Amino acid sequence: MSPISLVTHQPKPPVTVSIIVPYYNEREVLGEFHARLNKVLDSIEESCEIVYIDDGSTDDSNCLVDTLPITSSNVVNICLSRNFGKEYAVTAGLEHSKGLAVILLDADLQDPPELIPSMLKEWRKGFDVVNMQRRNRYGESWFKQFSASTFYRLLNLLVKSDIPENVGDFRLLSREVVDHICSLTESSRYMKGIFAWPGYRQTTLPFDRDARYCGETKWNYLKLLGLAVDGITSFSIRPLRLATIVGGLIAFAAFVFGLIIISKTLLFGELVSGYPSMMVVQLALGGIQLLSIGVLGEYIGRIFIEVKNRPLYLIQSVVERSGQNKTRSMEKRA
Ligand code: UDP
Ligand code: MG
């Protein structure tokens, strides 16, 4: 598989800031997004690149990106061979970014590009990770907000490295952190956990998350539940430990109960009664066994996926377009 590369032959200044934008069927919003992002990037000193990753869009988003106007930033458009999922698109973006500071941004304008300068300010102070924490989640039902906060609490109970609450993929990562993340080759890519794993100097900025500019979210509750199970099973083996502990406690209780029944039978003879209690015990034991087998199955499934060791994504094409030299365009503006 060799990606087709259409590289314009102009001298390229080194890139300081990379903006990674995964998109999947976002044709309605991409034009507005690109304009707002470029306005911000043109106003900062550092040389920038925008790395768009087409996650197998079925509309004409990909062609649209190649026609978006170029200002001061380089624009790279990486087209994956099919829809791999946002986590894989982000991974492709991280692996193809060149900047010393890398910022992840959704294409639907829920993460305001106008916050980039304040993120860079924190990075210049020496922070390696700038987490953007949602203060408000406009356009999301109370049930989604409640289930998200319950999930974060459960996850942090189970996982050793701290995964900050209400922080999505919108964040800044330094080159060092990005390189460590790129060295993680696991197929199961729960990005919030992966981002938290390297550690380093972190800071958090609060922000108000806007509602989607237009279009529909690509996530439904079933997908989110899958993501939650992925998140827990790829970053913690504590559910297995819990299954062992609960199993041990129940086995102990069953042994004590057995002793009581034997003693009672020996002392008072056999009494034919206790159908309800028998059913309750049986059903409880059956349920717990099935749950434990399910937990085991989840982990065995993970092992199955990991041992196949497939590439995380396939690239169909890469189109790179160079922006105007920033120092020159800054001079012109001044
Ligand atoms: N996205 C993607 N691949 C997918 C689903 C979504 O690249 O399979 C992109 C999508 O185009 C958007 C970002 O990931 O830029 C966030 O997706 P969405 O807005 O649907 O998620 P939400 O904000 O509702 O969590
Ligand atoms: Mg969104």
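Would you confirm whether any residue within segment 229-237 is within 30 Å of Leu120 (Cβ to Cβ), away from ligand 1 (no atom under 16 Å from the Cβ), at pLDDT below 80 and surrounded by 11 or more Cβ atoms within 10 Å (Cβ to Cβ)? Let's see the steps before the verdict.
Filtering segment 229-237 down to residues within 30 Å of Leu120 (Cβ to Cβ) leaves 231, 235.
Checking which are away from ligand 1 (no atom under 16 Å from the Cβ) leaves us with 235.
Now restrict to residues that are at pLDDT below 80: 235.
From what's left, surrounded by 11 or more Cβ atoms within 10 Å (Cβ to Cβ): 235.
So far as segment 229-237 goes, yes, one or more of its residues are within 30 Å of Leu120 (Cβ to Cβ), away from ligand 1 (no atom under 16 Å from the Cβ), at pLDDT below 80 and surrounded by 11 or more Cβ atoms within 10 Å (Cβ to Cβ).
Close Cβ contacts (under 7 Å, 6 or more residues apart or on different chains) running from residues in segment 100-111 that are within 12 Å of ligand 2 (Cβ to nearest atom) to residues that are among the hydroxyl-bearing types (Ser, Thr, Tyr) comprise Ala107/Tyr23; Asp108/Tyr213; Leu109/Tyr213.
Residue-wise test of (1) closer than 22 Å to Gly56 by Cβ; (2) at pLDDT 90 or above; (3) more than 16 Å from ligand 2 (Cβ to nearest atom).
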position	(1), (2), (3)
Val90	yes, yes, no
Ser118	no, yes, yes
Val130	no, yes, yes
Arg134	no, no, no
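Kindly indicate whether Ser149 is exposed (fewer than 14 other Cβ atoms within 10 Å of the Cβ) and either within 16 Å of ligand 2 (Cβ to nearest atom) or within 21 Å of Leu224 (Cβ to Cβ) (or both). So that I can check it myself, show each step before the final result.
Details: exposed (fewer than 14 other Cβ atoms within 10 Å of the Cβ): yes; either within 16 Å of ligand 2 (Cβ to nearest atom) or within 21 Å of Leu224 (Cβ to Cβ) (or both): yes.
Considered against the rule, which asks whether it is exposed (fewer than 14 other Cβ atoms within 10 Å of the Cβ) and either within 16 Å of ligand 2 (Cβ to nearest atom) or within 21 Å of Leu224 (Cβ to Cβ) (or both), Ser149 comes out as yes.
Among the residues in segment 64-85, are any among the charged types (D, E, K, R) and at pLDDT 90 or above? Yes, there is a match, as at least one residue in segment 64-85 is among the charged types (D, E, K, R) and at pLDDT 90 or above.
Counting residues in segment 154-171 that are within 26 Å of Ile44 (Cβ to Cβ) and of a type in the set (A, V, I, L, M) gives one or more. Taking the stated definitions as given, is Thr67 in contact with a Phe, Trp or Tyr (Cβ under 8 Å, 6 or more places away or on another chain) and of a type in the set (Ser, Thr, Tyr)? It is false that Thr67 is in contact with a Phe, Trp or Tyr (Cβ under 8 Å, 6 or more places away or on another chain) and of a type in the set (Ser, Thr, Tyr). Within segment 269-284, the set of residues being at pLDDT below 75 and closer than 26 Å to Leu249 by Cβ comprises Gly274, Tyr275, Pro276, Ser277, Met279, Val280. Among the conditions (1) more than 16 Å from ligand 2 (Cβ to nearest atom); (2) in contact with a strand residue (DSSP E or B) (Cβ under 9 Å, 6 or more places away or on another chain), Lys39 misses just one, which is (2). Residues that are more than 13 Å from ligand 1 (Cβ to nearest atom) and surrounded by 21 or more Cβ atoms within 10 Å (Cβ to Cβ) within segment 78-99 comprise Leu94, Ser97, Gly99, listed in sequence order.
The values are calculated or read from the model by the stated rules, or taken from the named source; none is laboratory data. Remember, it's a predicted structure, so these values are computed and weren't measured experimentally. Here Cβ is always computed from backbone atoms with ideal geometry, including for glycine, and neighbour counts include all displayed protein chains.
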